[in-house]
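First up is the structure itself, then whatever we jot down about it.
The values are calculated or read from the model by the stated rules, or taken from the named source; none is laboratory data. This structure is a prediction, so every number in the text was calculated from the model and none was measured. Positions of Cβ are backbone-derived with ideal geometry, glycine not excepted, and every protein chain shown enters the neighbour counts.
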Amino acid sequence: MTTAPSADASAAPRSLWLAPVLRAVPALIVGLSITFIADHSALIGLIMLGAFGLATAAVLVLTDVRMRRGEPLKLLHRGLAVITGIAGLLALLVVATTTTAGLGMLVLLVGGFAVLAGGLELVWGIRHRDRSALARDAVVIGAGTLALAVVLAFVGDPVSAVGFFGAYAVVLGVFLVIAGLSARWSTQLKEHTAS
C-alpha cells in the first residue's frame with residue numbers, strides 16, 4: 001500500500017527552489033529600472049534601495065512561512081528580511097524627510113546593507129555547506145554583496161553609485177534565478193532516479 005506524500009513534505013522541496021526565484025524578482029525589477037531610468041541621482045538611488053529593501057523583505061518573509069520547521073534556510077531568510085527591510089525603510093525615510101539626499105547617505109545605506117547582508121549570507125553559506133544545497137550559492141551571493149560595499153567605498157559620484165547598485169541587482173537577480181532553477185532540476189532528477 002502506498003501513501004500519498006503529505007502536503008508538508010511536498011511543500012518543503014518546492015519552497016527551497018522557489019525561494020531564490022521569488023527573491024530574484026525585486027532585484028531584477030529594481031536593476032532593470034535603474035538601467036532604463038536616465039536620472040541616476042542619489043535620490044533615485046535611495047528610492048530604488050527603498051523599493052528593493054521592502055520588496056525583498058516581503059518576499060523573504062513569505063517564502064520563510066512556506067518552509068518546513070527546522071529548515072536551515074529559514075534563519076538566513078529571517079536575518080536578510082530584517083536587514084533589507086530596515087535598509088529599505090531608512091532609505092525611504094531619508095527620501096521623505098530631506099530635500100537634498102546626497103551621495104554620502106546613499107553610500108552609507110547601500111554600503112551598510114551590503115556589509116550586513118553580504119556578511120550574513122557568506123557566513124551562513126560557509127557554516128551550512130554540508131547541510132544545505134543552497135549554501136554554495138549563498139557564499140557566492142555573500143561575496144558579491146560584500147564586493148558591492150568595497151566598490152561603493154571608492155565611488156565619488158552618485159551616477160556611479162546608483163549604476164553599481166543597479167548592476168549588482170541585475171547580477172543578483174540572474175544568479176538567484178539560475179540557483180533556484182538548478183535546485184529545482186536537481187530535485188526533479190533525484191526524484192526521477194529514485195522511482
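Do we have residue 134 as within 20 Å of residue 40 (Cβ to Cβ) and crowded, with 20+ Cβ neighbours inside 10 Å here? So residue 134 does not fit the description; no. Scanning the range 109-134 for residues that are over 14 Å from the mean Cα position of the chain (by Cα), modelled with pLDDT under 95 and among the aliphatic types (A, V, I, L, M) returns a single hit, 133. Is at least one residue of the range 84-95 at pLDDT 95 or above and farther than 23 Å from residue 160 by Cα? The answer is yes; a qualifying residue exists. So how many residues does the range 118-152 have that are small (Gly, Ala, Ser), without any contact (Cβ under 8 Å) to a residue 60 or more places away in the chain and closer than 12 Å to residue 175 by Cβ? Residues meeting the conditions: 3. Answer yes or no as to whether residue 99 is at pLDDT 95 or above and hydroxyl-bearing (Ser, Thr, Tyr). So residue 99 fails the test.
Every residue, every condition in (1) more than 17 Å from residue 19 (Cα to Cα); (2) part of a loop (DSSP other than H, G, I, E, B); (3) not β-branched (Val, Ile, Thr), yes or no:
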{"residue": "111", "(1), (2), (3)": "yes, no, yes"}
{"residue": "116", "(1), (2), (3)": "yes, no, yes"}
{"residue": "123", "(1), (2), (3)": "yes, no, no"}
{"residue": "139", "(1), (2), (3)": "no, no, no"}
{"residue": "144", "(1), (2), (3)": "yes, no, yes"}
{"residue": "149", "(1), (2), (3)": "yes, no, yes"}
{"residue": "160", "(1), (2), (3)": "yes, no, yes"}
{"residue": "164", "(1), (2), (3)": "yes, no, yes"}
{"residue": "184", "(1), (2), (3)": "no, no, yes"}
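A single member of 155, 174, 139 is over 21 Å from residue 26 (Cβ atoms), under 13 Å from the mean Cα position of the chain (by Cα), surrounded by fewer than 21 Cβ atoms within 10 Å (Cβ to Cβ) and aliphatic (A, V, I, L, M), and it is 139. The number of residues in the range 75-92 being surrounded by 18 or more Cβ atoms within 10 Å (Cβ to Cβ) and either without any contact (Cβ under 8 Å) to a residue 24 or more places away in the chain or over 12 Å from the mean Cα position of the chain (by Cα) (or both) comes to 4.
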